[in-house]
1. Considering every Cα-Cα pair within the stretch 104-194, what fraction, in whole percent, is farther apart than 19 Å?
2. If eta is 1.306 mPa s and T is 10 °C, what Stokes-Einstein diffusion coefficient results for the stretch 1-159, Kirkwood Rh from Cα pairs, in µm²/s?
3. As an exercise, use a Förster radius of 25 Å and the Cβ-Cβ distance of residue 141 and residue 186 to find the FRET efficiency, rounded to the nearest 0.05.
4. Label-point separation (nm) for residue 133 and residue 102, each offset 7 Å from Cα along Cα-to-Cβ?
5. Projected onto the charge dipole of the stretch 3-50 (+1 at Lys/Arg Cβ, -1 at Asp/Glu Cβ, origin at the Cα centre), which of 32, 17, 47 gives the Cα projection farthest towards the positive end?
6. How much of the accessible area of the chain, in percent, comes from carbon and sulfur atoms when a 1.4 Å probe is used?
7. Enter the accessible area per residue of the chain (Å², integer; probe 1.4 Å; all protein chains in place).
8. In deg cm²/dmol, rounded to 500, what helix-only [θ] at 222 nm does the chain give when every DSSP H run of at least 4 residues adds -39500 (n - 2.57) and the total is split over its residues?
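The values are calculated or read from the model by the stated rules, or taken from the named source; none is laboratory data. Everything numeric here is computed off the predicted structure, so don't read it as measured data. So basically every Cβ, Gly included, is an ideal-geometry build from the backbone, and we count neighbours across all protein chains shown. When the accessible area is computed, the model is the full protein with side chains, heavy atoms only, and any ligands, DNA or RNA have been set aside. Shrake-Rupley method; radii C 1.70, N 1.55, O 1.52, S 1.80 Å.
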Amino acid sequence: MSGRLERLRRVLGKEDVRSISRRYFIANGFDGTLTSIGVVVGAYLSGVGDGLTTITIGLGAAVGLGTSGVWSVWEIERAEALAEQERLEKAMLTELEDTRVQREHRAAQIVHAVASATGPILAILLTLSPLALEGVVFTMFQAVVASICVGIAILATFGIYLASISKQRWYVAAVRMGLAGIVVAAINVVLPGSA
């Protein structure tokens, strides 16, 4: 067990692993946030009158996006690791099966898959959270508006984080990312049959 933890620590210490995981987390978190905004607005406009039903629909989206995140990234990273291992084996004229290189590739694969699934699941759960207060603190309409605001805040936070690593103006990045949530909500409102 300590060997696995040490391997995980080594892998997490690599900037390329952190960078790839960060991309998966943010890209899929972005997808999850926009999906949940779409689900919330679409459910409300379709006549769903309670927060719990909308949460249930949103959790279905979380399961789908979370599973997609794990499965697709696992397969993508597995293929990339095997291709890199083959290149190294040709260059080194030796097998790398059951070596530190292969074990670290597998650890990185796990880190990437977890980051890929965690992003959308967290984003969806946070965006849906105001709906849990429908009927207690909020009316259904207020809960929907609060959910959209939480989603926009999540997107803006992603923008601020990306600005911090790319040395951009944080407020410009926050607005640029948050705007996507407003666009998704607005498109759902104007879709035919949504009224």
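1. Values: 2299 of 4095 pairs.
The share of Cα pairs beyond 19 Å in the stretch 104-194 comes to 56 percent.
2. Here the translational diffusion coefficient equals 92 µm²/s.
3. With a Förster radius of 25 Å, E is 0.95.
4. 5.3 nm
5. Of 32, 17, 47, it is 17.
6. Answer for the chain: carbon and sulfur cover 67 percent of the accessible area.
7. Numbers: 11020 Å² over 195 residues.
Value for the chain: 57 Å² per residue.
8. Only helices count here, giving -29500 deg cm²/dmol.
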